[in-house]
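The values are calculated or read from the model by the stated rules, or taken from the named source; none is laboratory data. Values in this document were obtained by computation on a predicted structure and should not be read as measured data. No Cβ is skipped: glycine too gets one built from the backbone with ideal geometry, and neighbour counts run over all protein chains shown.
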Amino acid sequence: MKELKSTAIPPERAIAIAVSPKGGDREMALDHLNELEFLAETCGAEVIAKIFQERAKPDGSTAIGKGKVQEIKEMVDEESVTLIIFDDDLTPVQVRNLEKALEVKVIDRSGLILDIFASRAQTAEAKTQVELAQLQYLLPRLTRMWTHLSKQFGGIGTKGPGETQIETDRRLVRDRIDLLKDKLLHIDTQRFQQRKGRQGMIKFALVGYTNAGKSTLMNALTDSGVYVQNQLFATLDTTVRSLELPNGKKGILSDTVGFIRKLPTHLIASFRSTLAETSDADVLVHVVDCSHQAFREQIAVVDETLNALDIQGKPTLLVFNKCDVISEDEKHQLEIEFPNCMLVSASQNLNLDKLLLKLQQMSEKSLTTLQLEIPYSQMQILPKLYELGEIISRLEHDEGLTLEIAVSDTNKERVISYFKQYLID
Ligand SMILES: Nc1nc2c(ncn2[C@@H]2O[C@H](COP(=O)(O)OP(=O)(O)OP(=O)(O)O)[C@@H](O)[C@H]2O)c(=O)[nH]1
Ligand SMILES: [Mg+2]
């Protein structure tokens, strides 16, 4: 009988490397290295060694210096290593020199994150966004080896007179980037239309570091069946569900892609439309994995990323998730340090009723009541008003209608700008 051959591709055997300034925070640097290992595992690689090097500053040509390169080369040969991953971004020159010396693939953190996003992207929107970010990342790194792009992109443009192949490749990539940007603009318009239909309801958006438990919380609060996994970037799209508050009123809850330190800037930029639900929200629910030893840094990274996206100044609730795995003492400490936080466990259903009550309070606080006087001749504006807020009272009289309407902060500005002449002070 013939022996069956396995067709499975063996996992990459990787070495993870971090370079850190001398005298820096060693514990934090090791934590970054562990996170890099988690990212590599998410990609299906097996990290066989983690190397941490302290240097005054990274070496310009190889990041780690000749001696270390030699040491790693021996390890590569002995352990059949197939991939080297750096925690920090490498210049194209560093990648080239390292690949030449080590004779294996060398990538950096941004490259790895882009790879994970590429393999996770399911919807047309996510795929377009990831491809755009990948090409923008590649553009400055284009060397002669990228000539195959012309085949992949099906002969858009040909080599012009006097141009080098690299210039042609760059042009192909730029053309493709323009095309993808157009596609995203179209998707953006569609999303905008969808959001318009939900304008009247209060909007909560889950935000947080990747793997904090946002999707688990989304499922626990809304029964939405979002994909949950102990891996980084399990979620790449935005899910929106209706959320019932304890007083019976309905709001909207959205779950979206998580953040991570050093998220490539191109990726942040191209995920703007996915994150539109977050920028449009009235209240942010910042989910934190309080059992993670670096949770404070993770909170700071999420805040920085929100700033980079221009999502600032929104009422935000800090929710410490996974409180089932920390001690009573640690919980107490958190409550002292973060007086307005909530401690919950999404997977164990702990304190979720309290969380909903808190969200209800926040939604009430973020609503403003406006009074309008609308003459009978202007009744055509009513559907628009009903879209933007919730009618609290409606009084018909001889000249028209006196309306009281509760609106969220975002919609308040809209009502004021569209219907200024009908407002009663
Ligand atoms: N112990 C414990 N684990 C939890 C809790 N909530 C979520 N998890 C686990 O944490 C892991 C990540 O959960 P997800 O809900 O996928 O996290 P996420 O924030 O949506 O992650 P990304 O989509 O990857 O950004 C999963 O293994 C969950 O089972 C909790 O309250 N307690
Ligand atoms: Mg998720």
Would you please name the residue that is nearest to E364 (Cα to Cα), looking only at residues in segment 293-328 that are touching a Cys at 6+ places or on another chain (Cβ under 8 Å) and in a loop (DSSP other than H, G, I, E, B)?
K322
Name, by its number, the condition in (1) basic (K, R); (2) part of a strand (DSSP E or B); (3) touching a Cys at 6+ places or on another chain (Cβ under 9 Å) that does not hold for K331.
(2)
Using the structure shown, decide if T402 is assigned to a helix (DSSP H, G or I), hydroxyl-bearing (S, T, Y) and in contact (Cβ under 8 Å) with a residue 12 or more places away in the chain.
no
Which of the residues spanning segment 224-252 are acidic (D, E) and either over 25 Å from F192 (Cα atoms) or touching a strand residue (DSSP E or B) at 6+ places or on another chain (Cβ under 8 Å) (or both)?
E244
Counting only residues that are among the aromatic types (F, W, Y) and over 16 Å from the mean Cα position of the chain (by Cα), how many does segment 206-255 have?
0
Exception for L372 within (1) outside any strand (DSSP E or B); (2) farther than 28 Å from I268 by Cα; (3) without any contact (Cβ under 8 Å) to a residue 60 or more places away in the chain; (4) out of contact with any Gly (no Cβ under 9 Å at 6 or more places or on another chain) falls at (1)
Among (1) in contact (Cβ under 8 Å) with a residue 24 or more places away in the chain; (2) under 23 Å from Q293 (Cβ atoms), the one test that E37 misses:
(1)
Can you tell me which of I326, I336 is among the β-branched types (V, I, T), without any contact (Cβ under 8 Å) to a residue 12 or more places away in the chain and either assigned by TED's automatic domain parsing to the domain that holds S417 or on the phi < 0 side of the Ramachandran plot (or both)?
I336
Sort through L236, L206, L245 and tell me the only one that's at pLDDT 80 or above and within 10 Å of ligand 2 (Cβ to nearest atom).
L206
Among the residues that make up segment 233-244, is at least one of them out of contact with any Lys or Arg (no Cβ under 6 Å at 6 or more places or on another chain), free of Cβ contacts under 8 Å to residues at least 60 places away in the same chain, in a loop (DSSP other than H, G, I, E, B) and not hydroxyl-bearing (S, T, Y)?
no
Among residues of segment 193-203, those that are at pLDDT 85 or above and exposed (fewer than 15 other Cβ atoms within 10 Å of the Cβ), counted:
0
For A269, the lone unmet condition from (1) more than 9 Å from ligand 2 (Cβ to nearest atom); (2) touching a Phe, Trp or Tyr at 6+ places or on another chain (Cβ under 8 Å) is (2)
For segment 250-264, does any single residue satisfy the condition of being among the polar types (S, T, N, Q) and within 16 Å of ligand 1 (Cβ to nearest atom)?
yes
Condition met for E277 (touching a residue at least 60 places away in the same chain (Cβ under 8 Å) and away from ligand 2 (no atom under 16 Å from the Cβ)):
no
Name the single residue that is nearest to C290 (Cα to Cα) among those in segment 209-235 being buried (at least 24 other Cβ atoms within 10 Å of the Cβ) and more than 6 Å from ligand 1 (Cβ to nearest atom).
Y209
Those residues of segment 258-290 that are part of a strand (DSSP E or B) and of a type outside the set (D, E) come to a total of 7
